[in-house]
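Undergrad: Could you have a look at this structure, given as structure tokens, before my questions?
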Amino acid sequence: MTQLFSFNLVDESWIPCVRANGSPAVLSIRDTLAQAHTLKGIAGESPPITAALHRFLLAILHRVFGPADYDAWAALWEAEQWDRDALNAYLDEWRPRFDLFDGERPFYQSPDDRMKPKSTINLSHDRASGNNPTLFDHHTEADGETLTPAQAARVLIAGQAYGLAGLSGITQKFTDGTCAGGIIFLVEGDNLKQTFLLNMIQYPPDNDHFGVHTGKDKPAWEMEDPFTPDRANPFGYLDYLTWQNRRVLFHPEQGQNGVIVRTMTMGPALRYDSSLLDPMKHYRADKKLRHVAVSLNENRTFWRDSASFFTFYDDIKENARPPATFRWLRELVEESVLDSHHLYRCRAIGMSKKQAKVFFFREERLPLPLAYLVNERLVEKLAIALDKANTLAFDLVQTARLMGMLQQLPTVEDRGWQKQWQGLNVNAKGSINNWIAHTGMERAYWASLDIPFQSFVVDLARDEEKALAAWYAQLRQAAQAALDQAGEYVGNDGRSFKAIVRGQSYLNYRLNELLPKKEKTE
């Protein structure tokens, strides 16, 4: 087959990076890995692209460097940069397999004669195509889109990882990619090399870190045919990180300013066993499925559940399971390879989906003191602090219900109002709940805690007593501000005034029950 175009990912610039000074840089695979110790990180145009690029590059690093055990990991950590000779030898050996438009074996692609050509917009979750609404970019399937080779490479890697289950136009259906459900947790170091290593588990992995490994394990580009045999279980972690969920084939063409990609064929391919646990995801216990990946909630920031991410159990079959990458870091701290006093950061990347439709994708960040991975008492303190924040949020809603009842229902008595609430009809409850939602008090409460929690989770690992006192003071302040906001939506008559007074009284009661008494200042 005659090859008209070429774009080799090993040496062409296509990975969006951030330098140490914050300036952007688009680099090749070779340069990204060679300069990783000088780079701040990778920043794709969307959270799924960012996560997918990390996992793709991790597959290369695992293939070249392992690490086989704690000592091997420690040696990589202590080295200033990656061994360029080892990297270059590998990239040079497999360089032909990284050409996006190779005539025989285009990177991450395969023809599918069952499928008709369609717009490349179908690979992107942030564009309107099929069932997907427009999220950020306002291209639509009817409009089509034009991709540069660099854009096409990024979209292709993300599309394989984040593909959604659904109809394909033929009997065989599309299935979810390995990243489509749950949150991908990425631990961030002080530079990109550290970030990669902090997410590199032992390789070959044991069952605690990844449940499958065979002698056939290799990344997709090394396989003669990554779709054969048709399988639900990967050969191992490298096969999993480069899992070919779609048969995609780009149709490159010459544009006015260079090579462009507008159309492709895309058909369903490998379907993975969803019971296999991803090392970068957090799982909650489930009686039926045993483990279910925790997902981002549109109305709930993930830090509110952060204590569970650090809760490790001996019997992993019956309990929630934090990311295996966290488990590996815990082992490194216990082996004195890493210091528990070190502070890193955690990125949580995920999306909300249903019936082949993406509702949102989001990235959240959280400080990660390594002390939480090895200090169970510290995690318990964090869990208690978060529980008090959640309880206070419930109390705020109860306070607002009391205020709403006193405003809207003249027969309500101060005493026993909770029982009276249970006896209200649907319309009365709906009216009061609508008023509560209109005030936005609960949203305001949680929003006011976002930034303080970032400091609290760090301070708690340093000085528990001082950090908890500051956190409880912040909870009081946030609750009072939320109540004051609700008060702005109350009328000016006597009944409304009574509602405010009784609401304040009830909140004060709950604050004093829930939190330590405020210290009096002289």
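Undergrad: What is the spin-label model distance, in nm, from residue 19 to residue 95 if the labels are put 7 Å beyond Cα along the C-beta direction?
TA: Inter-label distance under the simple model: 2.6 nm.
Undergrad: Identify the residues of the stretch 453-481 with backbone N under 13 Å of a label point that sits 7 angstrom from the Cα of residue 384 along the Cα-to-Cβ direction, or state none.
TA: Residues 464-469, 472 fall inside that zone.
Undergrad: Once you have a ≥ b ≥ c as the square roots of the Cα gyration tensor eigenvalues for the stretch 333-451, tell me rounded if a/c is under 1.5, and otherwise prolate or oblate according to whether a/b is larger than b/c.
TA: Prolate is the answer for the stretch 333-451, as a/c is 1.5 or above and a/b outweighs b/c.
Undergrad: Test of understanding: ordering 282, 342 by Cβ neighbours within 10 Å, fewest first, what list do you get?
TA: Listed from fewest to most nearby Cβ atoms, that is 342, 282.
Undergrad: Which longest uninterrupted range of the chain lacks any trypsin sites (Lys or Arg not before Pro) assigned by DSSP to a loop state (not H, G, I, E or B) and surrounded by at most 15 other Cβ atoms within 10 Å?
TA: 1-113
Undergrad: Next question. Distance between Cα centroids, the stretch 169-223 to the stretch 59-117: provide it in whole Å.
TA: Cα centroid of the stretch 169-223 versus Cα centroid of the stretch 59-117: 13 Å apart.
Undergrad: Give or take rounding to whole Å, what are the principal axis extents of the alpha carbon atoms in the stretch 378-514, in descending order?
TA: That gives 52, 26, 23 Å along the principal axes, largest extent first.
Undergrad: With r as the distance between the Cβ atoms of residue 172 and residue 37 and R0 = 56 Å, compute the FRET efficiency 1/(1 + (r/R0)^6) and round to 0.05.
TA: 0.80
Undergrad: For the chain, calculate the relative contact order in percent as a whole number, restricting contacts to Cα pairs under 8 Å that are 6 or more residues apart.
TA: With pairs under 8 Å counted, the relative contact order is 13 percent.
Undergrad: Would you grab the residues whose amide H sits under 5 Å from the one on residue 291? Only those 5+ places off in sequence or on another chain, please, with H modelled 1.01 Å from N.
TA: Distant-sequence amide H within range of residue 291: 286.
Undergrad: Counting other beta carbons within 10 Å of each Cβ, put 251, 125 in order, fewest first.
TA: Going from sparsest to densest Cβ surroundings: 251, 125.
Undergrad: For residue 39, enumerate residues with amide H under 5 Å from its amide H, sequence gap 5+ or separate chain, H modeled in the peptide plane.
TA: 192, 193
Undergrad: Modelling each spin label as a point 7 Å along the Cα-to-Cβ direction, I'd like the residue 78/residue 485 distance in nm, to one decimal.
TA: 5.2 nm
Undergrad: Would you order 341, 209 from fewest to most other beta-carbon atoms within 10 Å of each residue's own beta-carbon?
TA: With the sparsest Cβ surroundings first, the list reads 341, 209.
Undergrad: Simple spin-label model, 7 Å along Cα-to-Cβ: residue 194 to residue 376 in nm?
TA: Label at residue 194, label at residue 376, 3.0 nm between them.
Undergrad: Further question on the same structure: Could you run the Debye sum over the Cα atoms of the stretch 346-391, one equal point scatterer each and no solvent, and tell me log10 of I(q)/I(0) at q = 0.17, 0.22, 0.31 Å⁻¹, two decimals?
TA: Computed log10 I(q)/I(0) values: -0.73, -0.85, -1.02.
Undergrad: While we're here: Kindly provide the pair-distance distribution of the chain built from C-alpha pairs, with 20 Å bins from 0 and whole-percent values in order of increasing distance.
TA: Over the chain, the share of Cα pairs per 20 Å bin runs 20, 47, 26, 7, 0 percent.
Undergrad: In sequence order, what are the phi-derived ³J(HN,Hα) couplings for the stretch 37-53 according to the Karplus relation 6.51 cos²θ - 1.76 cosθ + 1.60 with θ = phi - 60°, rounded to whole Hz, with x for glycine and proline?
TA: 6, 10, 9, 7, x, 10, 9, x, 6, 8, x, x, 5, 4, 5, 5, 5
Undergrad: Counting other C-beta atoms within 10 Å, and keeping those with at most 11, which DSSP coil GluC sites (Glu not before Pro) do you find in the stretch 353-428?
TA: 413
Any read-out appearing in this document is the output of simple, stated calculations on the displayed coordinates, not a laboratory observation. None of the values given here were measured: they were computed from a predicted structure. Using ideal geometry, Cβ is built from the backbone for each residue, glycine included, and neighbour counts are taken over all protein chains shown.
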